[in-house]
Amino acid sequence: MGLKVVSSAIISFSLFLLLASTAKAQSKGVFDVTKYGSDKDITEALTNAWKDACASTNPSKVLIPSGTYSLRKLTLAGPCKAAIELQVDGMLKAPVDPNQFSGGHWVNFGHVDKFTLSGSGTFDGQGKAAWSKSTCQKDKDCDSLPMNLRFDFITNALVRDITTRDSKNFHVNVLGCKNLTFQHFTVSAPGESVNTDGIHVGQSTGIYIIDSKIGTGDDCISVGDGTEELHITGVTCGPGHGISVGSLGKYPNEKPVSGIFVKNCTLSDTTNGVRIKSWPALYGGVASNMHFEDIVMNNVQNPVIIDQVYCPWNQCSLKAPSKVKISGVSFKNIRGTSATPVVVQIACSSGFPCEKVELADIKLAYSGPDGPSKSQCSNVKPIISGIMSAPGC
């Protein structure tokens, strides 16, 4: 009987310690995942800490301290009862084997208002082994590999100081979001990584990408249909495929793209500069009010390009022109060096010619063996002002 009493006392004391620990984790609204019984794999600890923080009626913070942790596929969802922040100061590592994922993401944030993702930490997708298995560049019906970070239906949010590294697929996908800012955000992957777009934005409004550094194996930033009021400022891009609107017109019923502002950015050693691209022959769409200004190019291929015959790996028909209507585009004060002799290429649709395209102060030098530099324009009558270093348009 005495042993039972002692055992009961021990259990009660252990429970007290656990509750005290949890209370400490929640002190001042901070929910430290290491207080939730985590060791190296913090998937369940982070899930539980998020659940508690999300239920708080006061602003709260989930903390992942410095250290290296494994993290399996995870969804952190709202709605939460108050503003919530996830501060990541550690190194989070994804499973190496893509077969351990079902669906298209590693970490998904969904349906959260007043959300902040902060810290000095890194989301490491460990994608190197997966890139060699990807067939998405050549096969439009390929199996999708997981993206590092998905932001679905997030509102009034800030992502700052975080790094995403070596994703198996896109590093970041933004869908259905409103008023979301990326600041001092870093994307890091080698130039040979496959389909690793830095930040892809679609069907979202009021997205700001500022003072960030993106180097990857595909578009540094890509813009899908339904994007409105996207502001890209102070971004460095390279390696990568440039900053791209599109590709558009690949799917039926795409929503219009409008209000794209790219300013004070620097691109280095990229395969494209600032680009708008649409597929020929397929589906209609509208893209308007897009402006690229004060851009520095360092040894960039195809620095300024509108490509309405975009057809990678011959995955389309060139028998009919693009049905996407492009209008209200300006390229102003684009300067630096080009790795290709055609420094400006505006190839618009013969079925829906571009309208109100402005080229102003284009100062791009090419010093290679195929010079001098030149411009090429088709199905467009651009408005040209200021310096135009490359004749042809």
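The values are calculated or read from the model by the stated rules, or taken from the named source; none is laboratory data. Treat the numbers as computed from the prediction; the structure is a model and nothing was measured. Cβ atoms come from the backbone with ideal geometry, glycine included; neighbour counts cover every protein chain shown. Please note that ligands, DNA and RNA were not included when accessible areas were found on the heavy atoms of the full protein model with its side chains. Shrake-Rupley method; radii C 1.70, N 1.55, O 1.52, S 1.80 Å.
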Exercise for the section: Quick one: net charge around VAL262, please, counting Lys, Arg +1 and Asp, Glu -1 for every other residue with C-beta under 12 Å from its C-beta. Expected result: +1
Completion exercise
Rounded to the nearest 10 Å², the accessible area of CYS316 using a 1.4 Å probe with every protein chain kept is 30
Handout entry: Solvent accessible area, Å² - HIS111, 1.4 Å probe, full protein context
Key = 110
Fill in the blank from the handout: For PHE261 and ASP370, extending 7 Å from Cα along the Cα-Cβ vector and measuring point to point gives, in nm, a value of 3.6
Fill in the blank from the handout: Restricting to Cα pairs under 8 Å and 6 or more apart, the percent relative contact order of region 39-105 works out to 36
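Using a 1.4 Å probe and counting only protein heavy atoms, arrange LYS114, LYS332 so the residue with the most accessible area comes first. Please report the intermediate quantities before stating the final value.
Details: LYS114 120, LYS332 70 Å².
Of LYS114, LYS332, the descending order of accessible area is LYS114, LYS332.
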Exercise for the section: Go through (i) 2.42; (ii) 1.13; (iii) 1.00 and flag the label whose value is the computed Cα Rg over 2.2 N^0.38 Å for this structure. Expected result: (ii)
Handout entry: Heavy atoms of ASP113: accessible area, 1.4 Å probe, square angstrom to 10
Key = 70
Practice task
Report the full-extension gain for the segment LYS28 to ASP161: residue separation times 0.36 nm, less the Cα-Cα distance, to one decimal in nm.
Solution key: 45.6 nm
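What does the charge count near PHE151 come to, summing +1 for each Lys or Arg and -1 for each Asp or Glu among other residues with Cβ under 15 Å from its Cβ? Please report the intermediate quantities before stating the final value.
Numbers: positive: LYS114, ARG150, ARG160, LYS178; negative: GLU85, ASP113, ASP152, ASP197.
Neighbour charge sum, excluding PHE151 itself: 0.
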Exercise for the section: Using a 1.4 angstrom probe on the protein heavy atoms only, line up THR43, THR116 by accessible area, largest first. Expected result: THR116, THR43
Completion exercise
For region 281-294, Karplus-derived ³J(HN,Hα) couplings (6.51, -1.76, 1.60; θ = phi - 60°; whole Hz; x for glycine and proline) come out as 6, 8, 10, x, x, 9, 9, 8, 6, 10, 9, 10, 9, 6
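Ordering LEU149, LEU63 by how much accessible area each has at a 1.4 Å probe, largest first, what is the list?
Working: LEU149 0, LEU63 35 Å².
Solvent-accessible surface, decreasing: LEU63, LEU149.
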Handout entry: Positive-end residue of ASN298, PRO312, ASN272, charge dipole of region 267-351 with Cβ unit charges
Key = PRO312
Completion exercise
Expressed in angstrom and rounded, the centroid-to-centroid distance over alpha carbons for region 239-273 and region 83-103 is 27
Handout entry: Residue among SER349, SER66, SER204 with the largest mean-square fluctuation in a Gaussian network model of the chain, springs linking Cα atoms under 10 Å
Key = SER66
Exercise for the section: Starting from the amide H of LEU117, placed 1.01 Å from N in the peptide plane, find each other amide H under 5 Å away whose residue is 5 or more places distant or on another chain. Expected result: LEU86, LEU158, VAL159, ARG160
Exercise for the section: Could you work out how far the C-alpha centroid of region 160-175 sits from that of region 339-385, in angstrom? Expected result: 32
Practice task
Taking the Cβ of ASP161 as the centre, find all other residues whose Cβ is under 11 Å away and add up their charges (Lys, Arg: +1; Asp, Glu: -1).
Solution key: -1
Exercise for the section: Can you figure out the FRET efficiency of GLN100 with GLN183, using R₀ = 22 Å and their beta-carbon distance, to the nearest 0.05? Expected result: 0.10
Completion exercise
Rounded to whole Å², per residue accessible area for the chain with a 1.4 Å probe reads 44
Problem - Percent accessible area from carbon and sulfur atoms, region 238-393, protein chains only, probe 1.4 Å - result: 52
Completion exercise
Where a ≥ b ≥ c are root eigenvalues of the Cα gyration tensor, a/c under 1.5 meaning rounded, otherwise prolate if a/b exceeds b/c and oblate otherwise, region 182-267 counts as oblate
Exercise for the section: Might you report the magnitude of the Cβ-based charge dipole of region 272-348 about its Cα centre, with Lys and Arg at +1 and Asp and Glu at -1, to the nearest 20 debye? Expected result: 200
Problem - Cross-link reach list, aspartates and glutamates versus LYS250, counting only Cα pairs under 20 Å and skipping chain neighbours closer than eight places - result: ASP139, ASP141, ASP143, ASP197, ASP218, ASP219, ASP225, GLU228, ASP307
